[in-house]
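**Q** I'd like to ask you about the structure that follows.
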Amino acid sequence: MHVTQLDHECLLHIFSYLDKENRKSLSLTCHPLREVFLDPRLWTVLHFSSPCQLTRDNFVLGPSLRYLTVCWFSSRVLQVCNIEDWLKSSFQKDICSKHENLVSTFLAHVCHMCPNLLWLSLSGCGHITDQDVISVLQSCRKLRCLHLENCVRITDCSLQGVATHGESLVEVKVDFCRNVTQAGLQAVKEKRPCIQLSAERSADMIPDSKPEERLPLRRTLQKVLQFT
């Protein structure tokens, strides 16, 4: 028996054992396998280990997506993306310009196409903003778990979004997000006591400071040392 003689459900099961790249390669062999690749039911879980993977045409977004993870663990995150914009050199800004909107644009597509998302984990996504998070909360009303780690642009505004739009949330983590404050965390606990909230180091880190604010030399050195 040829593989294309199997029914659609059997082929879906076979595809479920393959990673995104192998699914894409197999789908290019014939129309029946391409139809399986495009079936939204195949794409209930998506994991990306770097933002550049978001630009590859080897996955399908759809209403079946339940679990989404974008994790970027690299020296570039620490040494480039996590630095305050006004402290970046022209070379660092040039690096960021090539990828700074990738995750935000991808999340915008998720908002329009994945209303049944249950789990969202973003780690090392140094360019996502509070508005990105709030948009997901507004569009994916079934979201139960939100994990944010080392996302430096996330502030108490995202926590306010959790309190306002997170009626289905049961777990929220904001780890190593330096612009989150203890006051913001406390506000979520008061408005949404049913949410299991954790924040490792977030409220204890040195927050960003606007360029016009003059920090003591010692605090400035501490900030620089975090990225060296």
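The values are calculated or read from the model by the stated rules, or taken from the named source; none is laboratory data. These numbers come from a predicted model, not from an experiment. In this analysis, Cβ positions are derived from the backbone assuming ideal geometry, glycine residues included, and neighbour counts consider all displayed protein chains. The accessibility values were calculated without ligands, DNA or RNA, using every heavy atom of the protein model including side chains. Shrake-Rupley method; radii C 1.70, N 1.55, O 1.52, S 1.80 Å.
**Q** Can you compute the FRET efficiency between residue 30 and residue 109 using 1/(1 + (r/R0)^6), with r the Cβ-Cβ distance and R0 = 25 Å? Round to the nearest 0.05. Don't jump to the answer; show the numbers that get you there.
**A** Numbers: r = 28 Å, r/R0 = 1.10.
Efficiency, rounded to the nearest 0.05: 0.35.
**Q** Right, here's the next one. Return the calculated 222 nm mean residue ellipticity for the chain, to the nearest 500 deg cm²/dmol, obtained by summing -39500 (n - 2.57) across DSSP H runs with n ≥ 4 and dividing by the residue count. Each step should come with its number before you reach the end.
**A** Working: 9 runs with 82 residues, N = 228.
Rounded to the nearest 500, it is -10000 deg cm²/dmol.
**Q** While we're looking at this one, here's another question. Could you work out what % of the accessible surface of region 1-42 is carbon and sulfur, using a 1.4 angstrom probe and leaving DNA, RNA and ligands out of the count? Walk me through the numbers before you get to the answer.
**A** Numbers: 1650 of 2810 Å².
Carbon-and-sulfur percentage of accessible area, whole number: 59.
**Q** Oh, and also: Sort 148-159, 172-183, 193-204 by packing, meaning the average of other beta carbons within 10 Å per residue, with the highest value first. Present the calculation step by step, with values, prior to reporting the outcome.
**A** On the way: 148-159: 23.6, 172-183: 19.8, 193-204: 14.9.
Per-residue mean Cβ counts within 10 Å order the peptides as 148-159, 172-183, 193-204.
**Q** Which value in nm describes the separation of the simple spin-label points at residue 97 and residue 190, placed 7 Å from the Cα toward the beta carbon?
**A** 4.4 nm
**Q** Further question on the same structure: If the limit is 25 Å between Cα atoms, which of 88/189; 189/210; 93/210 go over it?
**A** Table pairs above 25 Å Cα-Cα are 88/189; 189/210.
**Q** Defining a contact as two alpha carbons under 8 Å apart and six or more residues distant in sequence, what relative contact order in percent does the chain show?
**A** On the way: 373 pairs, mean separation 30.7, N = 228.
With pairs under 8 Å counted, the relative contact order is 13 percent.
**Q** In the P(r) worked out for region 1-81, what percent of Cα pairs fall beyond 22 Å? Please list the in-between numbers first.
**A** Numbers: 1039 of 3240 pairs.
When all Cα pairs of region 1-81 are counted, 32 percent exceed 22 Å.
**Q** Of 155, 31, 51, which is farthest towards the positive pole of the chain's charge dipole, taken about the Cα centre with +1 and -1 on the beta-carbons of Lys, Arg and Asp, Glu respectively?
**A** Highest projection toward the positive end goes to 155.
**Q** Rounded to the nearest 5, what % of DSSP beta bridges with both residues in region 17-172 are antiparallel?
**A** Working: 0 of 16 bridges.
If I count the DSSP bridges inside region 17-172, around 0 percent turn out antiparallel.
**Q** Quick one: give the max-minus-min coordinate of the C-alpha atoms of the chain along each principal axis, largest first, in Å.
**A** Taking max minus min along each principal axis of the Cα atoms, the chain gives 74, 44, 23 Å.
**Q** Sticking with this structure for a sec: Which value, in debye to the nearest 20, describes the size of the charge dipole of the chain about its Cα centre when Lys and Arg Cβ atoms bear +1, Asp and Glu Cβ atoms bear -1, and nothing else is charged? List each step's numbers first, then the result.
**A** Working: 26 positive and 24 negative charges, 67 e Å.
Roughly 320 debye for the chain.
**Q** Another question, if that's okay. If Lys and Arg each add +1 and Asp and Glu each add -1, what is the summed charge of the other residues whose beta carbon sits under 12 Å from the beta carbon of residue 171? Write down the numbers at each step before the final one.
**A** On the way: positive: 144, 173, 192; negative: none.
Result for the neighbourhood of residue 171: +3.
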